[in-house]
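Step one of this worksheet: look at the structure below.
The values are calculated or read from the model by the stated rules, or taken from the named source; none is laboratory data. Since we're looking at a predicted model, the values are computed, not measured. Here the Cβ positions follow ideal geometry from the backbone for every residue, glycine too, while neighbour counts run over all protein chains shown. Each accessible area value is taken on the protein alone, full model and side chains, heavy atoms only, with ligands, DNA and RNA left out. Shrake-Rupley method; radii C 1.70, N 1.55, O 1.52, S 1.80 Å.
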Amino acid sequence: MSIRRDAWVIGSDSVVAVDGRLFGKPRDRSEAAEHLRFFSGRTMLLTSAVALARGGELDWRHVETARLQVRPLSDAFIADYLDAEWPEVGYTVGVFRLEARGVQLFSAIEGDHFTILGMPLIPLLGALRDRGLLLA
């Protein structure tokens, strides 16, 4: 497979912060449960970034943060949740998939839906249209 040097590349990633502590994806189910216990009753800041590069140079970037209020979570809920959602949530920061049972973790959510899913899609689509990569 050959890659054109002038090809556009999209990159995106997310990180979660709770009480000033950064969280990535859990290493295993035990760590996922630890994360959920720590998140319980606290505000999660989920920051997602997306970037466009071409020819090895950054052309555009965008960062957004959503606020998710985690409701108090019992140990029984956490165990049941992980029984149903593991290993899929192990591939996510925040140990949740909003489109699945993960929505049950929260009592309130402020922020863009796509940012929470992991990619600020609306700004990215605008950047792609601005560069003539999508029809306007």
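Scanning region 12-34 for residues that are among the hydroxyl-bearing types (Ser, Thr, Tyr) and in a strand (DSSP E or B) yields 12, 14. For region 114-136, filtering for residues that are open to solvent by 10 Å² or more (accessible area, probe 1.4 Å), closer than 18 Å to residue 63 by Cβ, of a type outside the set (A, V, I, L, M, F, W, C) and modelled with pLDDT of 95 or more leaves 3.
Within region 44-53, the only residue that satisfies the criterion of being more than 15 Å from the chain's Cα centre (by Cα) and either more than 17 Å from residue 119 (Cα to Cα) or buried (at least 18 other Cβ atoms within 10 Å of the Cβ) (or both) is 52. Output the residues belonging to region 14-34 that are in contact with a strand residue (DSSP E or B) (Cβ under 6 Å, 6 or more places away or on another chain) and either surrounded by 17 or more Cβ atoms within 10 Å (Cβ to Cβ) or of a type in the set (Asp, Glu) (or both). Those that are in contact with a strand residue (DSSP E or B) (Cβ under 6 Å, 6 or more places away or on another chain) and either surrounded by 17 or more Cβ atoms within 10 Å (Cβ to Cβ) or of a type in the set (Asp, Glu) (or both): 14, 16, 18, 23.
None of 111, 41, 56, 90 is at pLDDT below 95 and either open to solvent by 40 Å² or more (accessible area, probe 1.4 Å) or not aromatic (Phe, Trp, Tyr) (or both) except 56. All of (1) open to solvent by 50 Å² or more (accessible area, probe 1.4 Å); (2) farther than 23 Å from residue 121 by Cα; (3) in contact (Cβ under 8 Å) with a residue 24 or more places away in the chain hold for residue 69 with one exception: (2).
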